[in-house]
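To keep things clear, I will list the structure first and then write my remarks on it.
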Amino acid sequence: MTAKRSEFLPFSKPSISDADIAAVTDVLRSGWITTGRRNTEFEAAFCAYTGAKHSIALASATGGMHIMLKALGLGPGDEVLTPSMTWVSTVNLVVLAGATPVFVDVDRDTLIASPSMFSEKVTSRTKAMIPVHFAGAPADLHPLRRMASDIGIPLIEDAAHAVGTEYMGRLVGSDGTAIFSFHPIKNITTGEGGMICTDDDRLAERLRQLKFHGLGVDAFDRQTQGRAPQAEVLEPGYKYNLTDIGAALGLGQLSRLVEFNRKRSELAALYRARLAGVDEILPLREPAYTMKHAWHLFIVRVDTDKARMSRDAFMRELKERNIGTGLHFRAVHLQKYYREKMGMKPGLLPATEWNSDRICSLPLFPDMTPEDVTDAVDAIKDVLSKR
Ligand SMILES: *Cc1c(COP(=O)(O)O)cnc(C)c1O
C-alpha cells in the first residue's frame, strides 16, 4: 500500500491573511497603486525591524543586485566572488555587467561558503564578495567583513533567505549591505519584491537614483502622491520600484514575520525529530557560530548510495504521493551557459556538486500543520521502503 495524501502538499505557500487582502484592496481603491505612501511606510517599518540605517524597497532582489553592481561600478576585468550554490540571478547579473564571476565552494553540510573558501579565491582583480545566507542560516559575517575591509572591497550579502536571520545577536540587515527578496516562496512576500538594507549613506542615495530612471530626487510629493515632476535625470537609471500594492502586502507580512518564523522553526524541529532515524536522508547542519535560523527552507540530501535511488527519482516518487519538493539549488557553474561559455566542468567545486545532485527542499511554510510534516515524513519512508 502506498501512503498518499488526498490533497497535494506544496513545498511552499504564502500565508495571506484577511487583513493582507483588506490592505491591498484599500490601495486598489485609493487611486494610487504604484510607489507612494505605502512604500515609505514599508521602508520605515523594515528599518525599524532590522535596525538598518537605510531600507530601499524594490521590484525584486534581482533588480536590487543589478543596481548594486552598477552602483559599485563593476565591469570588465573585475572578479566577483560568490558561491555556485546560489540562485542563478546573482551570477547572471555579474556576467551581464561584463565582470567575471569566480565561484566559491561551500561547506558540504551547511551549504554556506566559509571565509577561508572565499579567501582562497581572492586575486588582485577581486572587486566584490557576495556571500549567501543559506536556507535561513547566516554566513560567517565578522571574518568576511574583516577580509573585505582589509582588501578594500565591498561585501554584499545575498539575504534572500534571511528575513529574520540573526548573526551574533544582530539581525541580518542591521549592519553592512544586504539584499532581501520578497518573492512568494520567501519568508515574507510582496507578490514580487525585494529590499536593500545598507548603512552606507552615499550608496543608499545612488541606489535610490538608479532604481528609478536615475532621477536625482527621491522625495515623495504629498500633493501629487509621487515624484516631484521637476525631478531630473542625473544618470541613466533603471525601473525597479515596488508598487504600493506590494508594499501594503509587505507591511502586513512584516507584522507577522516573528510569528511566521516561529512556526517555521517549530516545523523544522519536528522534521528533524521525525527524520532522525532515517539513514538515507541527511538534513543540513546548522553553523556552529552564534546565530538564529530563519528556516526559509528545510533542505535534506538524499544519500543516493544508501537509498539506492537518485534525488530526481526521490522527488518524483514524493510527487506521486502528493508531496511537493523544491531544489535549492542546482550548481550554477554546471548550467549549460556556464559550462559552455566559461568552460566549467564537474570536479571544480566538490561539495557544491555533491549537494547539487542530492539536495531537495521539503515542504515548509507557516500555515503547514504538524500533520503535514508527518505526511511528508511518512511519504519519504514509504518511498525508501519500496525501492
Ligand atoms: C530568491 C533568490 C534571489 C532572487 O530574488 P528575487 O526577488 O526573486 O529576484 C536571489 N538569491 C537567492 C539565494 C534567492 O533564493
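Derivation of every value follows stated rules applied to the coordinates shown; laboratory data play no part. Note that this is a predicted model, so its numbers are computed, not measured. Please note: Cβ atoms are built from the backbone with ideal geometry, for glycine as well, and neighbour counts cover all protein chains shown.
For residue 157, list long-range residues whose amide hydrogen, built 1.01 Å from N in the peptide plane, is under 5 Å from its own amide hydrogen.
177, 178, 179
Would you please report the Å³ per residue occupied by the convex hull of the alpha carbon atoms in the stretch 231-325?
Once divided by residue count, the hull of the stretch 231-325 is 242 Å³.
Positive end of the charge dipole of the stretch 243-387 (Lys, Arg +1 and Asp, Glu -1 on Cβ, about the Cα centre): tell me which of 250, 300, 338 has its Cα farthest that way.
Projecting each Cα onto the dipole axis, the largest value belongs to 338.
For every helix of n ≥ 4 consecutive DSSP H residues, a contribution of -39,500 (n - 2.57) applies; sum these over the chain, divide by its total residues, and give [θ] at 222 nm rounded to the nearest 500 deg cm²/dmol.
Result for the chain: -11500 deg cm²/dmol, rounded to the nearest 500.
Restricting the calculation to Cα positions, tell me the Rg (one decimal) and the Dmax (whole number) of the stretch 102-199 in Å.
Rg and Dmax of the stretch 102-199, Cα atoms, are 13.4, 40 Å.
In whole Hz, what ³J(HN,Hα) sequence does the stretch 230-244 give by Karplus (6.51, -1.76, 1.60; θ = phi - 60°), x for Gly and Pro?
7, 4, 10, 6, 9, 6, x, x, 10, 9, 10, 6, 8, 6, 6
Name the residues of the stretch 168-184 whose amide N is less than 13 Å from a point 7 angstrom out from the Cα of residue 290 along the C-beta direction?
Inside the label zone: 168-171.
Spelling out what I want: for every residue of the stretch 344-361, take phi, set θ = phi - 60°, compute 6.51 cos²θ - 1.76 cosθ + 1.60 (Karplus), and round to whole Hz; glycine and proline get x.
6, 8, x, x, 6, 9, x, 5, 4, 5, 4, 6, 4, 8, 10, 6, 7, 8
Counting Lys and Arg as +1 and Asp and Glu as -1, each charge on the Cβ, what is the dipole of the stretch 37-93 about the Cα centre in debye, to the nearest 20?
So the magnitude is around 220 debye.
Taking the stretch 1-102, which GluC sites (Glu not before Pro) meet the DSSP loop condition and have no more than 10 other C-beta atoms within 10 Å?
7
Plugging the Kirkwood radius over Cα pairs into Stokes-Einstein for the stretch 1-96, at a temperature of 37 °C and a viscosity of 0.692 mPa s, what D comes out in µm²/s?
In µm²/s, the coefficient rounds to 185.
What is the extension gain from residue 6 to residue 205, computed as 0.36 nm multiplied by their sequence separation minus the C-alpha to C-alpha distance, in nm to one decimal?
Value of the extension gain: 66.4 nm.
Over the Cα atoms of the chain, each weighted equally, I'd like the Debye log10 I(q)/I(0) at q = 0.09, 0.11, 0.12 Å⁻¹, rounded to two decimals.
Reported log10 I(q)/I(0), two decimals: -0.54, -0.80, -0.95.
Given points 7 Å out from each Cα along the Cα-Cβ axis, report the residue 272 to residue 123 separation in nanometres with one decimal.
Spacing of the two 7 Å Cα→Cβ label points: 4.0 nm.
To the nearest 0.05, what FRET efficiency results for residue 239 and residue 354 with a Förster distance of 41 Å applied to their C-beta separation?
Approximately 0.50, to the nearest 0.05.
Compute, for the stretch 18-255, the length of the dipole vector about the Cα centre, with Cβ point charges of +1 (Lys, Arg) and -1 (Asp, Glu) only. Units Debye, rounded to 20.
380 debye
Name the shape class, rounded, prolate or oblate, that the alpha-carbon gyration tensor gives for the stretch 56-141, where a ≥ b ≥ c are the square roots of its eigenvalues, rounded holds for a/c under 1.5, and otherwise prolate holds if a/b is larger than b/c and oblate otherwise.
oblate
Using the beta-carbon distance between residue 166 and residue 108 and R0 = 22 Å, what value does 1/(1 + (r/R0)^6) give for FRET efficiency, to the nearest 0.05?
In this case the efficiency is close to 0.40.
Going down the list 306/386; 292/381; 319/386; 319/381; 121/292; 70/211, which pairs span over 19 Å between their C-alpha atoms?
Checking Cα-Cα distances, 292/381; 121/292 exceed 19 Å.
Which values, in whole Å and largest first, are the semi-axes of the equivalent ellipsoid of the stretch 257-385 obtained as the square root of 5 times each eigenvalue of the Cα gyration tensor?
27, 19, 14
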